[in-house]
1. Give the long-range amide H neighbours of VAL167: residues separated by 5 or more places, or on another chain, with amide H under 5 Å away, using H modelled in the peptide plane at 1.01 Å from N.
2. Any idea what the dipole of the chain comes to, in debye rounded to 20, about its Cα centre with Lys/Arg Cβ at +1 and Asp/Glu Cβ at -1?
3. Which number comes out as Rg/Rh for the range 103-177 once both Rg and the Kirkwood Rh are worked out on C-alpha atoms?
4. Using the charge dipole of the chain (Lys, Arg: +1 at Cβ; Asp, Glu: -1 at Cβ; taken about the Cα centre), state which of GLY21, THR76, VAL167 has its Cα farthest towards the positive end.
5. For labels at THR11 and VAL39 in the simple 7 Å Cα→Cβ model, what's the distance in nm?
6. Measure nothing fancy, just the Cα-based angle from helix 9-29's long axis to the longest principal axis of the chain, in degrees from 0 to 90, nearest 10.
7. Hey, could you pull the Cα Rg and Dmax for the range 37-177, both in Å?
Amino acid sequence: MIRRLLSRPVTWIAVAVLGIGAAGGLYWFQPWRLFTDTVVTDTLSTMPQPSGPPAASVAAPVVIAQGDFITHEHDTSGTARMVRNPDGSHQLEIAGLDTSDGPDLRVWLSDQEVRTGVAGWRVFDDGEYAELGKLKGNHGDQVYRLADGIDPVAFRSVSIWCKRFSVSFGAAELAAV
């Protein structure tokens, strides 16, 4: 019976189609990423405590907005903060990030409000957003410099965004400090 089945061209076509489908599914979903971790240890700006009169203080980075990550599609925790550097440039710092690895993860600033639960998974591409780059790793401290054309005041949230599936792994509301 098996010999007869294997001698038919239709069987080999079905095997080829199933093989191609399996390879495509593995590429698209990348299930091995459920078991991989990348730890990043970028140097975050230090936030000195003011001492002495303001005129005597040295120019230092200033946190202008911050918020804690909430979970969306995958368990996510950590803190995001928008920092204005002494030279006037801005950077997004993600401190203590802990999330799942996934295919095509990006760091997005968005003008959308952070919502809890499933209602918040897919809102970040509904309005204005700026991609700061690929997520460097799913654990640790990370710094993303904002390009000159990005106005940090125009954005109210940051999302760890899976571009392939258009879903947020987690997000943080950036509240003014």
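1. HN-HN under 5 Å from VAL167: CYS162.
2. Numbers: 15 positive and 20 negative charges, 222 e Å.
In total the dipole reaches around 1060 debye.
3. Values: Rg = 11.7 Å, Rh = 12.6 Å.
Using Cα coordinates only, the ratio equals 0.93.
4. GLY21
5. The two pseudo-label positions are separated by 5.2 nm.
6. 10
7. Rg then Dmax for the range 37-177, in Å: 15.1, 51.
Throughout, read-outs are computed from the coordinates displayed, never taken from laboratory work. All values reported here derive from a predicted model rather than from experimental measurement. We place every Cβ from the backbone using ideal geometry, glycine too, and count neighbours over all the protein chains shown.
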